[in-house]
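What follows is a single structure, written as structure tokens, with notes after it.
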Amino acid sequence: MIIQLEEKLKAKGKEHILTAINSIGYKTTEVKTQKGHYLVCIGKNEFDIRIIGSLDGVQDIHRVSDSYKLVSRKWKTDATQIDLGNKVVIREGELTIMAGPCSIENEEQVLKVVKHLVANGVQIMRGGVFKPRSSPYAFRGLGMEGLKMFNRVCKAHGIKIITEVMQVSQIKEMYDYVDIFQVGARNSQNFNLLDELGRVDKPVLIKRGMSGTIDELLQSAEYIFSNGNEKLMLCERGIRTYENAYRNTFDLNAIPVLKEKTHLPVIADPSHGVGVRDYVSSMALASVMAGADGIIYEVHEKPEEAASDGQQTLDFMESEALIKNARAAFSAKREFV
Ligand code: PEP
Ligand code: MN
């Protein structure tokens with residue numbers, strides 16, 4: 001059960017509500033986010049919801065049977081919008097496009113991608129500076145110096161930044177230089193990291209773990225929300241299966257399922273999802289048709305020279321075609337009955 005409290009609620013009123021919840025044998029977690037003040041109540045006993053609903057200070061009350069609560073659509077039917085400032089808003093009903101290299105490599109590379117994005121009306125650039133790599137000998141990113149350069153070039157052109165944070169200690173130093181923190185697939189259930197990202201006022205995109213279920217992804221998002229940050233979005237990026245004809249099995253099914261289960265924006269990452277350049281654009285278009293609120297994919301001037309993930313990275317021509325086609329697919333979908 002979720003109780004939304006009135007903004008002006010005084011301590012005494014809150015105590016009264018907590019006593020009433022206690023008396024029905026429910027355990028309560030208090031959550032204060034940028035947008036609201038909630039009580040998440042967990043328990044099994046049957047009771048008349050009107051008893052709590054009619055108490056002073058209760059703005060709204062809902063039973064939520066899902067294992068996740070605050071991120072559930074059962075409670076909040078309005079889709080969450082994420083405002084990045086300067087009129088860049090991630091929302092249902094508009095297609096958000098985020099693109100950029102797998103890794104930030106140097107200033108020239110960033111500038112070329114920025115110009116490509118600006119020319120195509122894309123406002124958010126992706127690029128990792130802290131890279132999770134299977135091999136310790138592979139390129140692991142430029143770190144904070146790279147992020148500062150990435151930020152400087154993007155800000156000069158009005159482009160927002162999404163980049164991966166790998167551990168708690170990085171959050172503070174990265175904070176001023178990012179617009180969206182990305183939680184990578186390998187960290188999808190790093191609960192300490194999720195807790196800490198719940199305590200910052202900055203949007204977070206959380207990727208599905210390589211072997212994570214949809215329910216687990218939603219519960220990971222619940223960690224962040226329940227710590228106070230509701231500027232959240234989810235990302236389907238493929239899961240590991242027995243199929244080895246491509247890098248991952250892009251779970252297209254997850255998109256409509258997530259859209260139904262949660263009010264959070266759902267973003268598709270076909271680059272990691274399929275992992276093969278020739279299939280990325282079709283899977284991106286398929287995700288748009290499946291109802292994704294946005295796509296995030298890898299692009300590089302010369303994919304064959306990319307420091308990481310070149311095999312799944314589009315070149316500028318392919319990217320330009322994808323942007324046009326994705327927008328066309330999105331508007332065509334709007335006309336569907
Ligand atoms: C990435 O975005 O480059 C990345 C490492 O993604 P994932 O965590 O989905 O593997
Ligand atoms: Mn990558």
Item checked: In the stretch 50-85, residue farthest from residue 10 (Cα to Cα) [restricted to those that are of a type in the set (Asp, Glu) and assigned to a strand (DSSP E or B)] -> 83
Next item on the list: Those residues that are within 19 Å of residue 313 (Cβ to Cβ), acidic (Asp, Glu) and away from ligand 2 (no atom under 16 Å from the Cβ), I need them from the stretch 276-298; list them, please.
Entry: 278
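This table checks each residue for (1) out of contact with any strand residue (DSSP E or B) (no Cβ under 9 Å at 6 or more places or on another chain); (2) free of Cβ contacts under 8 Å to residues at least 40 places away in the same chain; (3) more than 15 Å from ligand 1 (Cβ to nearest atom).
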| site | (1), (2), (3) |
| --- | --- |
| 116 | no, no, yes |
| 130 | no, no, no |
| 138 | yes, no, no |
| 165 | no, yes, no |
| 175 | no, yes, yes |
| 189 | yes, yes, no |
Note to self: Being surrounded by fewer than 16 Cβ atoms within 10 Å (Cβ to Cβ), modelled with pLDDT under 95 and touching a strand residue (DSSP E or B) at 6+ places or on another chain (Cβ under 7 Å) narrows it down to one residue among 49, 42; which is it?
What the structure shows: 49
Notebook entry, point to check: Quick check: anything in the stretch 240-260 within 16 Å of ligand 2 (Cβ to nearest atom) and in a helix (DSSP H, G or I)?
Noted result: no
Next item on the list: Hey, can you tell me all the residues within the stretch 1-29 that are in a strand (DSSP E or B) and open to solvent by less than 80 Å² (accessible area, probe 1.4 Å)?
Entry: 2, 3, 4, 5, 28, 29
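The values are calculated or read from the model by the stated rules, or taken from the named source; none is laboratory data. Quick caveat, the model's predicted, so the values are computed rather than measured. Note: ideal-geometry Cβ built from the backbone for every residue, glycine included; neighbour counts use all protein chains shown. Protein only, heavy atoms only, side chains kept; ligands, DNA and RNA dropped before computing areas. Shrake-Rupley method; radii C 1.70, N 1.55, O 1.52, S 1.80 Å.
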